[in-house]
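The values are calculated or read from the model by the stated rules, or taken from the named source; none is laboratory data. Just so you know, these numbers come straight off a predicted model, no measurement behind them. Glycine gets a Cβ as well: all are built from the backbone with ideal geometry, and neighbour counts include every protein chain shown. These area figures cover heavy atoms from the full protein model, side chains too; ligands, DNA and RNA do not enter into them. Shrake-Rupley method; radii C 1.70, N 1.55, O 1.52, S 1.80 Å.
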Amino acid sequence: MQRRRFIQNMGLAASAGPLSALAQGLLTLGQPQAFDYAWLKGQARDLSQTPYQSPSTSLPAAIADLDYDHYQSIRFKPERSLWADQDRRFRVQLHHPGFLFKERVRVFEVIAGQAQELAYQPDMFDLSRAGIKQGSLPNDLGFAGLRIQHHLDWGHDIASFLGASYFRSVGAERQYGLSARGLAIDFGADKGEEFPRFTTFWLERPSPQAAVMTVYALLDSPSVTGAYRIDIQPGGSVSMDVDAALYPRKVIDRLGIAPLTSMFFYGENDRRKAGDWRPEIHDSDGLSMLNGAGEWLWRPLSNPAGVRLYSYADSKPQGFGLIQRDRKFAHYQDDGAFYERRPSVWVTPKGAPAPGWGPGSVQLLELPAPDETFDNIVAAWVPETPPQPGQELLFSYRLTWGARPPMEPHLAQVVATHTGIGGVVAHKRTYFSWRFVVDFQGGALPLVLQRARVDSTLKMDAMVSASRGSVELVSARPQFEINGYRATFDLRTTDASTEPIDLRLFLCLQGEPLSETWIYQWVPPSLSEQRSWVE
């Protein structure tokens, strides 16, 4: 990530603040000031009329030079958590600056419409395991972000905000995985991506029995400013209701709304990088979409050899998300990372003024990943009309984090995609083709299978189309082992192009669709590679 730099305006002296902060030994800065979301939108609008100022990334060497493991060893002292001394359902801990997170953010507590800034204190943190002597750091370092905890399990976070405009949450498994962002700008563009950042957070003190915690944030970047309100509600899944008001400083070619960022190293459909002993490694295995026409689409993810950007045009989308659909430990065999527990995230758009959730596209960026530490997947909604300076753009949506998305097709779903060399076993290949095997479960398939056991004439059709090449050896047959159906087909290349080929597939019985639509983009190998498979 190309980190943006922080506006230096931290020179306020420590002063007495609200009782809630002082009771925990937390110092505050400046005087309380009136705060609400309307004020924050006004601040963002005013900021967009001024030139962008890069923030400072200057930190003491002892902190700036930390490696990953030593940075991770820094612990916020639980007894210093915001609201730790009060009978409330939420607490907040703060992230220390250092390692990759050198840009400082300001954090305010909001009580009854009055905001008070929290002051950094080195003794909030246990720095001993990072090799930093207590008292060796200055008192004006600030914070890098924050983490939120809930009374049902004080030992685990329910959400964390750290780095640029990134934030993460969990489902019932309390396992982090993919991330959301406030905004994505020009992702996948040749000129390079711009990473807006949350510069300031306001934490509204919840009432003792509140089931929702509200976080406000100010976003800033060379291209746009923004005001965010995020209402966080824990449960079996964690929901976040997001309201965003954006104020462009300049024309933005590709504005990504509700962006999700994940990792796909390899899976059963794409084993190009499968040198590891584990069968699969990914945080998400597919992009799910419910478009404005009511069609459910499933796009398996891949780890491409080069940068790939795909666009799925739509108007008034009903939802999209990056999903970890495969939740079987045996398919990953990782007893440390537990990829089968990684949450899925579903984006549910809400009504908003134009351009809002009107014409646009869900865009999917896939980058080559050298290993599993690299987030190489981005999915976001991109409005059809590029934002212009002086506009106010309003977007509202819900993010739902958990094992299963809140919206799923009533039709059969794709549960596995396999690919490999085509042709007929024991027959010599005379030309190159590639095999695609797609397994479906759910929907009406269990009932169809019951009929198939007694009616051998019952025929399921696999409806396949390709933008290029020749489709052959199409079949759809029962898979009683998975209580579903398996569709297979070969794609024969008919030209020398290595440009992607668009594929679509769904199951149909007597003219009635029974499954969501599987969509895929396959990149043919070069002619020399094709010949090597045949010779």
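Taken over the stretch 47-82, the residue count meeting the criterion of being closer than 30 Å to Tyr247 by Cα and aromatic (Phe, Trp, Tyr) is 1. If the condition is being more than 30 Å from Lys328 (Cβ to Cβ) and of a type in the set (Lys, Arg), then the stretch 412-471 contributes Lys428, Arg429, Lys459, Arg468. Within the stretch 494-535, the set of residues being at pLDDT below 95, of a type in the set (S, T, N, Q) and closer than 30 Å to Asn291 by Cα comprises Thr498, Gln510, Gln521. Given the condition open to solvent by 10 Å² or more (accessible area, probe 1.4 Å), of a type in the set (D, E, K, R) and not in a strand (DSSP E or B), answer yes or no: does some residue in the stretch 165-174 qualify? There is at least one residue in the stretch 165-174 that is open to solvent by 10 Å² or more (accessible area, probe 1.4 Å), of a type in the set (D, E, K, R) and not in a strand (DSSP E or B). Scan the stretch 328-340 for residues that are outside any loop (DSSP other than H, G, I, E, B) and more than 18 Å from Gly171 (Cα to Cα) and the total you get is 2. Go through the stretch 178-196 and report how many residues are closer than 15 Å to Leu399 by Cα and at pLDDT below 95. Summing the residues that are closer than 15 Å to Leu399 by Cα and at pLDDT below 95 in the stretch 178-196 gives 0. Scanning the stretch 294-327 for residues that are of a type in the set (A, V, I, L, M) and in a strand (DSSP E or B) turns up Leu297, Leu309, Ala313, Leu322, Ile323.
Only one entry of Tyr37, Tyr52 meets the criterion of being under 31 Å from the mean Cα position of the chain (by Cα) and either closer than 16 Å to Leu203 by Cα or modelled with pLDDT under 55 (or both), and that entry is Tyr37. For the stretch 464-535, the strands (runs of 3 or more DSSP E) that sit wholly inside it and include 2 or more residues that are more than 21 Å from Asp285 (Cα to Cα) and open to solvent by 50 Å² or more (accessible area, probe 1.4 Å) are 470-479. Scanning the stretch 13-34 for residues that are within 25 Å of Pro196 (Cβ to Cβ) and either crowded, with 16+ Cβ neighbours inside 10 Å or modelled with pLDDT under 80 (or both) gives a single hit, Leu29. If you go through the stretch 375-397 and pick out every residue that is surrounded by fewer than 18 Cβ atoms within 10 Å (Cβ to Cβ) and either closer than 13 Å to Pro304 by Cα or among the charged types (D, E, K, R) (or both), you end up with 3. Selection over the stretch 84-100 of residues that are in contact (Cβ under 8 Å) with a residue 40 or more places away in the chain and not in a strand (DSSP E or B) gives a count of 9.
Annotation note: of Leu309, Leu297, Leu301, the sole residue that is touching a Gly at 6+ places or on another chain (Cβ under 8 Å) and either surrounded by fewer than 24 Cβ atoms within 10 Å (Cβ to Cβ) or of a type in the set (Val, Ile, Thr) (or both) is Leu309. Do you know which residues across the stretch 461-493 are closer than 19 Å to Val414 by Cα, at pLDDT 95 or above and aliphatic (A, V, I, L, M)? Listed by number, the residues that qualify are Ala462, Met463, Val464, Ala466, Val474, Ala476, Ala487. Thr385 satisfies every condition listed in (1) under 16 Å from Asp241 (Cα atoms); (2) among the hydroxyl-bearing types (Ser, Thr, Tyr); (3) modelled with pLDDT under 95 except (1).
Taking strands (runs of 3 or more DSSP E) as the structural unit, those lying wholly within the stretch 206-293 and holding at least 3 residues that are within 25 Å of Pro525 (Cα to Cα) and open to solvent by less than 40 Å² (accessible area, probe 1.4 Å) correspond to 264-266. Please go through the stretch 175-193 and pick out each residue that is closer than 22 Å to Leu40 by Cβ and either assigned to a strand (DSSP E or B) or among the hydrophobic types (A, V, I, L, M, F, W, C) (or both). Correct list: Ala180, Arg181, Leu183, Ala184, Ile185. Residues of the stretch 101-115 that are out of contact with any Pro (no Cβ under 6 Å at 6 or more places or on another chain) and in a strand (DSSP E or B): Phe101, Val105, Arg106, Val107, Phe108, Glu109, Val110, Ala115.
Looking only at the stretch 116-154, residues that are of a type in the set (A, V, I, L, M) and either open to solvent by 70 Å² or more (accessible area, probe 1.4 Å) or in a helix (DSSP H, G or I) (or both) come to 3 in all.
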